[in-house]
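The values are calculated or read from the model by the stated rules, or taken from the named source; none is laboratory data. Computed from a predicted structure; not experimentally measured. As a convention, Cβ positions derive from the backbone with ideal geometry for all residues, glycine included, and neighbour counts pool all protein chains shown. For accessibility, only protein heavy atoms count, side chains too; no ligands or nucleic acids. Shrake-Rupley method; radii C 1.70, N 1.55, O 1.52, S 1.80 Å.
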Amino acid sequence: ALDNVRVPRYFVEYIVYHELLHALIPPVSRNGRKNFHPAKFRELEKKFSYYQQAREFERYITKHWLKAD
């Protein structure tokens with residue numbers, strides 16, 4: 001799905017950046033549950049140059065491209 005001409009390059013780069021953060025920041029266990037996006041993860045994620053645009057595009061594709069028929 002990411003290999004679509006309608007998907008902006010910055011979004012693909014954001015996905016790669018996000019996944020690399022998972023390799024850098026381990027999940028935090030709390031009350032028997034794992035938090036895969038702890039505060040440090042979110043802090044670093046927001047440093048991505050096109051963070052806001054990528055999140056907006058993510059919300060758009062979730063709403064319009066991935067809806068069940």
Scalar couplings 3J(HN,Hα) for segment 51-61 by Karplus 6.51 cos²θ - 1.76 cosθ + 1.60 (θ = phi - 60°), nearest whole Hz, x for Gly and Pro, are 4, 4, 4, 5, 5, 5, 5, 4, 5, 5, 5
Considering the options ILE61, HIS22, PHE36, tell which one lies farthest towards the positive end of the dipole of the chain, charges being +1 on Lys and Arg and -1 on Asp and Glu at the Cβ, about the Cα centre.
PHE36
Compute the signed sum of charges (Lys and Arg +1, Asp and Glu -1) over the other residues within less than 12 Å, Cβ to Cβ, of GLU19.
-2
Cα centre as origin, Lys/Arg/Asp/Glu Cβ charges: the chain dipole, Debye
340
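Any idea of the accessible area per residue across the chain, 1.4 Å probe, to the nearest Å²? Walk me through the numbers before you get to the answer.
Details: 5670 Å² over 69 residues.
Accessible area per residue: 82 Å².
Return the carbon/sulfur percentage of the accessible area of the chain, one whole number, probe 1.4 Å, all protein chains in place. Display every interim value, and only then the final one.
Numbers: 3030 of 5670 Å².
The computed percentage sits at 53.
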If you fit an axis through the alpha-carbon atoms of helix 9-24 and take the longest principal axis of the Cα set of the chain, what angle between them do you get, 0 to 90°, nearest 10?
20
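Given the -39500 (n - 2.57) contribution per DSSP H run of 4+ residues, what per-residue ellipticity at 222 nm results for the chain, rounded to the nearest 500 deg cm²/dmol? Working shown, then result.
Values: 3 runs with 37 residues, N = 69.
Helices in the chain give a 222 nm mean residue ellipticity of -17000 deg cm²/dmol.
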How many nm is it between the label spots at GLU56 and VAL7, if each spot is 7 Å from the Cα in line with the beta carbon?
2.0
